[in-house]
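Below is one structure, written out as C-alpha cells; the observations come after it.
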Amino acid sequence: MKGFTTLTSVALRLPQRDIDTDLIFPAQYLTLPFSANYADFLFRRLRDEQPDFPFNAHINTPANSRPQILIALANFGCGSSREHAVKALLDWGIRVIIAPSFADIFKSNAAKNGLLLIELPEPQVNFLLTTDSPASYSFIVDLEQEKITFRDQVIPFFTSPFLRRCLLQGYDEFDYLLAHFPEIKAFKKQRERQLFYTTTQQTFIS
Amino acid sequence: MKRGKSIIDKIWDEHVVYGEPNFPDILAVDLQLLHEVTSPPAFAELDRRGLPFFEPHRAIATLDHSLPTSPRRHLTSDPLAGAQIVLLRRNSARHGVPLFDLNSGKQGIVHVIGPELGLTQPGMVIVCGDSHTSTHGAFGALAFGIGGTEIGHVMATGCLLISRPKTLKVEFQGDLPAGVFAKDLIMALIAAIGAGGANGHVIEYRGAILKNLSMEARMTICNMSIECGARAGLIAPDDKTFAYLQGRQYSPALEDRARALAYWQSLSSDTDAIYDREITLKLDQLEPMVSWGTNPGQSIGISQPLPDPDDLTSDQGEAAAAAMAHTGLLPGQPLAGVAIDWAFLGSCTNGRIEDLRIAAAIMRGKQLASGVKMYVVPGSEMVKKQAEAEGLDQVFLSAGASWRNPGCSMCLAMNGDKVPAGRRAISSTNRNFRGRQGPQSITHIASPATVAASALAGKISSPREYFFDSQL
C-alpha cells in the first residue's frame with residue numbers, strides 16, 4: 001500500500017449526500033478482474049448520463065495530473081461493501097475525500113487501500129464546497145500535522161492513530177495480523193469449544 | 001464501576017483475541033461465507049503471499065450474484081461471469097472449502113442458505129464480502145459485511161482488524177397492523193433515521209413484537225440494518241431461534257445440544273446494559289411502506305403524500321428533489337396508484353418460503369395486470385423445492401409470472417436479469433439506488449405482499465385489503 005505524507009491538489013466537488021457505491025462503481029462491472037484498471041468505470045452511469053458531471057471535465061487529463069481530492073456531502077460511500085468502489089477512485093487518481101461523514105464499510109475499505117478519508121463538520125465542508133473560485137485553488141493536505149490548508153484557512157482534522165501509522169508508513173494490516181498469529185492460533189483452539197459444527201473434516205493447520 | 005453488558009458487548013468481548021489502546025481489536029471470526037464476486041481478489045492475495053487458507057472448516061462457498069437465473073443457468077452468456085464461477089470452483093476445491101454448487105440441492109443466495117443449513121448460530125461472528133451479511137444477526141450472531149482485503153485477512157488468519165462499534169438499541173413498541181410486515185417495519189425505521197442514521201453503530205432490535213415474528217421475518221429486519229448505516233444488527237436468540245436450529249444439516253449433534261443451548265441462552269442483554277444511543281419506534285399506526293426516492297431512507301407509507309423538498313433541510317431537500325426527478329414523482333402525491341411495469345419477488349431480504357407463501361396467497365387464481373412483467377426468484381434450491389412441493393410455482397406461473405432459478409437476480413442487474421431503461425419496478429429487494437436494477441430504471445422497494453398486490457393491479461397498491469379478510 002502506498003504511503004502518504006502531504007498532498008497538494010485542486011479538488012473536485014460533488015455537493016451531494018448519500019453517494020452510494022452503486023453510483024461509484026455500478027454492479028455490472030463487478031465481473032471484471034480486480035487486476036484491471038477501474039478508472040473508466042468510476043461513476044460510469046453518472047458520467048454517461050450527465051455531460052457536466054465534474055469528472056467529465058478531466059476525460060483528457062492524464063491520470064497523474066488529475067485532481068486528487070474529492071469533496072462531498074454526508075454519508076459518502078453508503079450501500080454495498082464492494083471494495084471496487086475504493087479501487088475505482090484510486091485508479092482514477094483520487095487520494096483524499098473530504099465529507100461530513102462516511103459509511104462504515106467504505107471507511108474500512110478505504111483504510112486498507114491508502115485512500116484518506118477526512119471527516120469535517122458540515123459547515124466547514126459547505127464552505128469548501130461553495131467558496132469562490134472553486135476549481136483553481138489548491139489544497140494542501142498534511143497527514144502528519146493533520147491539517148488542510150486552503151487559501152488563507154488552516155483546517156485541522158482528526159485521524160485515528162492506527163490509520164495514520166498505516167498511511168504514513170505504508171504499514172500493512174495483514175502484516176499486523178500475521179505478527180499476532182501465535183496468539184490467534186491459541187485463541188482459536190479455545191474457541192472451538194463454543195462452536196458446534198465443522199463444514200469439512202479438515203481442521204486448521206496448527 | 002461494573003456495568004451491564006448488551007448482547008453486542010458480550011459477543012464482542014468473547015471474540016477479542018488481542019487489543020491495544022488506540023488500535024482496532026483483532027476479532028476472531030467463526031464463519032466466513034464466500035461467493036464468486038468478492039472472493040477472487042482475496043484468494044489471489046492468499047496465493048501472492050503463499051499463505052494457506054487457515055480454517056477451511058469454518059467457511060463455505062456458493063454461487064449467487066453473477067449467476068443467471070434462467071432455466072439453462074449453467075451456460076452464462078457473460079464470459080466474465082462464467083470465469084468468476086469457474087474460478088470459485090477451482091479456488092474452493094484447492095483450499096478445501098465446501099462449495100454448494102448448482103444442483104447440489106443447497107445452492108442459493110448466501111444469506112438464505114446460511115440459516116437454512118443451520119450454519120448461522122447464536123453468538124457467532126459471521127462475515128462475508130456482502131453488506132447484507134447483517135441478515136444473520138437474526139440469530140443473535142454478530143454478522144457484517146467486509147471488503148475484499150478483509151476477506152483475505154480472514155482467509156489467512158481467521159480474524160479481522162476492526163474497531164469496536166457503538167451500540168444502538170432500537171425498541172419496537174406495539175403490534176404490526178394486518179397487512180403490514182417485517183419489511184415495512186424495518187423500512188419505517190430507515191425512513192425515520194435516514195440512510196446514514198446508524199453509521200458507526202451496531203443495532204440491537206428489541207420489543208415484544210419480536211417474539212411473535214418468525215425467524216424469516218427477523219432475517220428481513222436484520223438484513224436491512226446496513227441500509228440505515230449499521231454494519232450489523234441483531235436480535236437476541238429465543239425459543240423460536242432454538243426451535244429453528246433443530247434438525248438442520250449443521251445443527252448441533254444430539255450430544256452437544258444441551259451445551260449449545262446453555263451457551264445460546266446466555267446471549268441476551270443485561271437489564272442494566274448501557275447503549276450509546278436508543279431509539280423507539282411505534283408500530284401501531286404503520287402502513288405498508290414503499291420507497292419513493294434513490295435510497296432506502298426515502299420511503300413513506302403507501303397512502304402518504306410525498307414530502308416537499310422545500311420543507312426539508314438544504315442537502316436533504318436537494319437530495320429529495322434530485323431523487324424525485326429520477327423517479328418521476330411529485331411532492332404531495334401518494335405512491336398508491338403509480339403505474340408499474342415490473343414486479344420482482346426475491347432477494348436475500350425477501351426470497352424465502354414465507355415471502356413466497358404470502359405473495360402466492362394474494363395472487364392465487366389471479367393474473368398479472370396487462371403489460372406487467374414479473375420475476376419470482378426463490379432464494380435457494382431448498383426454497384425452490386419447498387415452494388414447488390406446495391404448488392406455489394403454479395400460482396405464479398398461472399398468474400403470468402416467470403418462475404426462476406435461485407440467485408440474486410434482478411436485485412442488482414449484474415447477471416442478465418435487469419429492469420429495462422425507463423421502466424418502473426416494484427421489488428421485494430433492499431436497495432432503490434439510482435440505476436440499481438438496470439441503467440435508467442426506477443425501483444420502488446416494498447414488502448412481498450405489496451409487490452404481489454401491485455403486480456396484480458398494475459400500479460403500486462396496498463395489500464391490506466387482502467388481510468382484512470381473515471381467510472388469508
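The values are calculated or read from the model by the stated rules, or taken from the named source; none is laboratory data. Everything numeric in this text was worked out from a predicted model, so none of it was measured. Reconstructed Cβ throughout: ideal geometry from the backbone, glycine too, with neighbour counts over all protein chains shown. Side chains included, ligands, DNA and RNA excluded: accessible areas come from the protein's heavy atoms. Shrake-Rupley method; radii C 1.70, N 1.55, O 1.52, S 1.80 Å.
If you check B:167, B:149 for being in a helix (DSSP H, G or I) and more than 19 Å from the chain's Cα centre (by Cα), only one passes: B:149.
Every residue, every condition in (1) in contact with an Asp or Glu (Cβ under 9 Å, 6 or more places away or on another chain); (2) open to solvent by less than 10 Å² (accessible area, probe 1.4 Å); (3) over 30 Å from residue A:178 (Cα atoms), yes or no:
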{"position": "B:162", "(1), (2), (3)": "yes, no, no"}
{"position": "B:174", "(1), (2), (3)": "yes, no, yes"}
{"position": "B:178", "(1), (2), (3)": "no, no, yes"}
{"position": "B:187", "(1), (2), (3)": "yes, yes, yes"}
{"position": "B:217", "(1), (2), (3)": "yes, no, yes"}
{"position": "B:225", "(1), (2), (3)": "no, yes, yes"}
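If you go through segment A:128-163 and keep only what is open to solvent by 60 Å² or more (accessible area, probe 1.4 Å) and modelled with pLDDT of 90 or more, you end up with A:140, A:144, A:145, A:147, A:154, A:156, A:158. From the list B:302, B:235, the one residue that fits, being surrounded by 21 or more Cβ atoms within 10 Å (Cβ to Cβ), touching a Gly at 6+ places or on another chain (Cβ under 7 Å) and among the β-branched types (Val, Ile, Thr), is B:235. Cβ-Cβ contacts under 6 Å between residues 6 or more apart (or on different chains), taken from a first residue in segment B:135-155 that is facing chain A (nearest Cβ under 7 Å) to a second residue that is part of a loop (DSSP other than H, G, I, E, B) and open to solvent by 10 Å² or more (accessible area, probe 1.4 Å), are listed as B:145/B:130; B:148/B:38. Within segment B:15-43, being within 8 Å of chain A (Cβ to nearest Cβ) and open to solvent by 10 Å² or more (accessible area, probe 1.4 Å) holds for B:17, B:18, B:22, B:23, B:24, B:38, B:40, B:41. Residue-level check: of (1) more than 14 Å from chain A (Cβ to nearest Cβ); (2) within 25 Å of the chain's Cα centre (by Cα); (3) surrounded by 13 or more Cβ atoms within 10 Å (Cβ to Cβ); (4) not hydrophobic (A, V, I, L, M, F, W, C), residue B:212 misses just (3).
Condition first: free of Cβ contacts under 8 Å to residues at least 60 places away in the same chain and either closer than 19 Å to residue A:31 by Cβ or touching a strand residue (DSSP E or B) at 6+ places or on another chain (Cβ under 9 Å) (or both). Can you find one or more residues in segment B:62-73 that meet it? Please lay out each step first, then the result.
Here is the first cut: in segment B:62-73, the residues free of Cβ contacts under 8 Å to residues at least 60 places away in the same chain are B:62, B:72.
Subsequent filtering for residues that are either closer than 19 Å to residue A:31 by Cβ or touching a strand residue (DSSP E or B) at 6+ places or on another chain (Cβ under 9 Å) (or both) retains B:62, B:72.
Scanning segment B:62-73 turns up at least one residue that is free of Cβ contacts under 8 Å to residues at least 60 places away in the same chain and either closer than 19 Å to residue A:31 by Cβ or touching a strand residue (DSSP E or B) at 6+ places or on another chain (Cβ under 9 Å) (or both).
Against the condition part of a helix (DSSP H, G or I), more than 7 Å from every other protein chain (Cβ to nearest Cβ) and either over 29 Å from residue B:44 (Cα atoms) or within 12 Å of the chain's Cα centre (by Cα) (or both), how does residue A:52 come out, does it pass? Against the criterion (part of a helix (DSSP H, G or I), more than 7 Å from every other protein chain (Cβ to nearest Cβ) and either over 29 Å from residue B:44 (Cα atoms) or within 12 Å of the chain's Cα centre (by Cα) (or both)), residue A:52 does not qualify.
Conditions tested, residue by residue: (1) more than 30 Å from residue B:449 (Cα to Cα); (2) assigned to a loop (DSSP other than H, G, I, E, B).
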| site | (1), (2) |
| --- | --- |
| B:237 | no, yes |
| B:240 | no, no |
| B:246 | no, yes |
| B:257 | yes, no |
| B:269 | yes, yes |
| B:284 | no, yes |
| B:300 | no, no |
| B:303 | no, yes |
| B:307 | no, yes |
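The C-beta contact set for segment A:164-178 (first residue at positive phi, second residue part of a loop (DSSP other than H, G, I, E, B), distance under 9 angstrom, 6+ apart or interchain) comprises A:170/A:1; A:170/A:2; A:170/A:3; A:170/A:4; A:170/A:114.
Kindly establish whether residue A:64 is within 10 Å of chain B (Cβ to nearest Cβ) and part of a helix (DSSP H, G or I). No: the conditions fail for residue A:64. Restricted to segment B:357-472, the set of helices (runs of 4 or more DSSP H) holding at least 3 residues that are modelled with pLDDT of 95 or more comprises B:381-389, B:392-399, B:448-457. Here B:397, B:456 are screened, and the one residue that is surrounded by fewer than 24 Cβ atoms within 10 Å (Cβ to Cβ), touching a Lys or Arg at 6+ places or on another chain (Cβ under 9 Å) and farther than 28 Å from residue A:45 by Cα is B:456.
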